[in-house]
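**Q** Sharing a structure, written as structure tokens. Questions coming.
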Amino acid sequence: MTVTEVIFYFIAAATVLGAFGVVATGKVAYAALSLVFTLLAVAALYILLASEFLALVQVLLYAGGVAVLLLFALMLTRARELVPVLDGAQKPFAAVAGLSLMGVLISMVFLTTWPRRADEPTLINFNAIGDRLFRDFALPFEVASLVLLVALVGSIVLARTEEEEEE
Amino acid sequence: MSALESFFDNVWVDALWRLLAVLGLMVIVVLALTYVERKFIARIQMRLGPMRTGPYGIMQPIADMVKILLKEDLRPASADRIAFELAPFLAFVPVFLTLLALPFTAKWDVRVLDLGLLYFIAVSGLTVLGYVFAGWASDNKYALIGALRTAAQLISYEVPLVLAVLALSMLAGSLNLVDIVEKQGRVPFIVWQPLGFFLFMAAAVSDLSRRPFDVAAAESEVAGGPWIEFSGIRWSILYALTEYTNMFALCVLGSLIFLGGWDWPLGLKWGWWWQLALIFTKTSVLILVVMWVNATFPRIRVDQLMSLCWKLLLPLAFVQIFLNGLILVYGWPDWTFLLTSGLGLAAAGYIIYSVIPVGAPSRIVARSNA
């Protein structure tokens, strides 16, 4: 086993442990912390695959931005007092849905013909990413940002009307 | 090759001694900055500052350190134990990691990353998690309010910081810190990007929770913010070590990307010793500016803080990016950068002066006379 493989299995174990921690802990804040841990471990996996840019964006946006916003929401909404419901009449359906999703994902991994092998990573210059994104795929990129903007404005509008109704 | 050299060529040994070197640098920086800040603020306030321990109180940081190490490590009974003990490290580790990507001279660096600038911004953004957890775990009303303020502030001010740095990297055409320094040549980027530099420093002061942006720790409002329940060694990790290392790292970054880093003016090619002296001088100037602002300005209100970020700094950052793009695409001469960015900075100054009464004593005097 090479050093890279040892590092890979170490990080992969950390990712799975963190993901398990998200669903297994009782406290919501611990779940958020496990989520951050998992996101950082995934960033480490990207680095192992020589995708530096993707890894750093993962850290910047997910671990630094989304996770903090999540924590912010948890602390403002007194999530500590809510007991998460993990058991109910829909249990078998949930199991079927979860297992079938897992089956689909695993079969996708094996059925897809991947363009490259993971053990010979190609270094992609981030200038090339920028060229592809802003020259070749400029329109889809702009459309995506427009969709996000609409979602943002829409959520503000929804939140505002709720406030007015309370008054 | 001697046995010693081949020993240091080993990747693991190489990584280890570089880490230890950065750790040593960090300890020296934190000890020096605690002393410098107390003396500098004392001078501004026409006091002497620490004078008793050693000549001119030079041993004060050592005395402080011994005191902090000997203090009892208190933890409130109702605090969340795991999060409370983990929080200082969550805040500190990202700041330590940012130091690893900073080059100090053309040859002195731990690791030069191709995306060094992005790495710095991304990793330093994780510090906020430590503060949020510290505030939440303390089970204290003021700590929680302070933590929420920290989270809101740091997330908001990260945006103009990223955009100002992005505008600068458009000029440099790279995110590699060594490339950016070498690209500046005889004219540092502060000349072409005065507005970008203003945005960077405003966001840096906010990132460091210093006046006028210290609403998170405001002792008269939230009694010290997230670290209210921390004492002894945990307090020093969460507050002193993190804040001063962060201040040092941000100022090194600022002097690298805006002030020309280790390149001597007039194209002089001097050795590493002079380069090191130059970058530490530039860094010290920026650090003293941060402390000066801290000692001079009154604190702005928490809602003013947010509107300053979202309504002024963010649009200005977009303006800076747009102007840079325009000039670069049409290939206009370099002085247009100075012209447009300088006009933007003047506009920023005018808006701050006319909208926010902070920092405009003449207006306050005029109002009280009326």
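Bear in mind that the values in this text are calculations on the coordinates, not laboratory data. Computed from a predicted model, the values in this text were never measured in an experiment. Backbone-built Cβ (ideal geometry, glycine too); neighbour counts: all protein chains shown.
**Q** So if we plug the beta-carbon distance of B:V66 and B:R111 into 1/(1 + (r/R0)^6) with R0 = 35 Å, what FRET efficiency do we get, rounded to 0.05?
**A** Result of the calculation: an efficiency of 0.55.
**Q** Okay, next question. Provide the descending list of Cα extents for region B:10-70 along its principal axes, expressed in whole angstroms.
**A** 53, 27, 18
**Q** Quick check on the exposure proxy: order B:M306, A:M102 from fewest to most C-beta atoms within 10 angstrom.
**A** A:M102, B:M306
**Q** Now a separate question. Give me the distance in nm between label points sitting 7 Å out from Cα along the Cα-to-Cβ direction at A:A138 and B:I82, one decimal.
**A** Placing both labels 7 Å along Cα→Cβ, they lie 5.0 nm apart.
**Q** Say R0 is 22 Å: what FRET efficiency, to the nearest 0.05, do A:V6 and B:L19 get from their beta-carbon distance?
**A** The formula returns an efficiency of 0.65 here.
**Q** Please compute the length gained on full extension between B:I44 and B:K141, using 0.36 nm multiplied by the number of residues separating them and subtracting their Cα-Cα distance. Before the final figure, lay out the partial values.
**A** Values: separation 97, 0.36 × 97 = 34.92 nm, distance 3.39 nm.
Gain in length upon complete extension: 31.5 nm.
**Q** Using label points projected 7 Å from each Cα along Cα→Cβ, tell me how many nm separate B:D9 and A:L152, to one decimal.
**A** Placing both labels 7 Å beyond Cα along the Cβ direction yields 5.2 nm.
**Q** Work out the P(r) tail for region B:232-319: percent of alpha carbon pairs separated by more than 19 Å, whole number.
**A** Values: 2347 of 3828 pairs.
For region B:232-319, the share of Cα pairs beyond 19 Å comes to 61 percent.
**Q** A follow-up question, please. Give me the log10 of I(q) over I(0) for region B:177-277 at q = 0.12, 0.13, 0.18, 0.20 Å⁻¹, as the Debye formula computes it from C-alpha points; what are the numbers?
**A** Taken in order of the listed q values, log10 I(q)/I(0) reads -0.55, -0.62, -0.88, -0.98.
**Q** Arrange the following residues from fewest to most other Cβ atoms within 10 Å of their Cβ: A:S51, B:S206.
**A** Values: A:S51 20, B:S206 25.
Ascending number of Cβ neighbours within 10 Å: A:S51, B:S206.
**Q** Now for a separate question. Grab the beta carbon distance between B:R186 and A:E120, set R0 = 45 Å, and tell me the FRET efficiency rounded to 0.05.
**A** According to the calculation, E is roughly 0.55.
**Q** Then there's this: Under a crude label model (7 Å from the Cα following the beta-carbon direction), how far is B:T281 from B:D303 in nanometres?
**A** Taking the two extended label points, one gets 4.7 nm.
**Q** Once you treat every alpha carbon in region B:1-119 as an equal point and sum by Debye, what is log10 I(q)/I(0) at q = 0.18, 0.22, 0.23 Å⁻¹?
**A** Ignoring solvent entirely, the Cα scatterers give -1.10, -1.20, -1.24.
**Q** Say a site is exposed when it is one of the GluC sites (Glu not before Pro), sits in a DSSP loop, and has at most 15 other Cβ atoms within 10 Å; what is then the longest site-free stretch of chain B? Intermediate results must be reported in sequence, preceding the final value.
**A** Details: sites that count: B:E72, B:E219.
My reading of the result: B:220-370 is the longest stretch.
**Q** Pop out the Kirkwood hydrodynamic radius of the protein assembly as shown from its pairwise C-alpha distances, inverse of mean 1/r, in Å to one decimal.
**A** Result for the protein assembly as shown, one decimal place: 25.8 Å.
**Q** Could you list, bin by bin from short to long, the percent of Cα-Cα pairs of chain A in 5 Å steps?
**A** For chain A, the binned pair fractions read 1, 7, 8, 12, 16, 17, 16, 11, 7, 3, 1, 0, 0, 0 percent.
**Q** Only helical DSSP H runs with n ≥ 4 go in: add -39500 (n - 2.57) per run for the protein assembly as shown, normalise by residue count and round the 222 nm mean residue ellipticity to 500 deg cm²/dmol.
**A** -22000 deg cm²/dmol
**Q** Eight or more residues apart or on different chains, and alpha-carbon atoms under 29 Å: count the Lys pairs in chain B matching that.
**A** 11
**Q** Further, regarding this structure: What is the log10 of I(q)/I(0) for chain B, computed with the Debye formula using one identical point scatterer on each Cα and no solvent, at q = 0.11, 0.12, 0.13 Å⁻¹?
**A** Values, matching the q order: -0.84, -0.99, -1.15.
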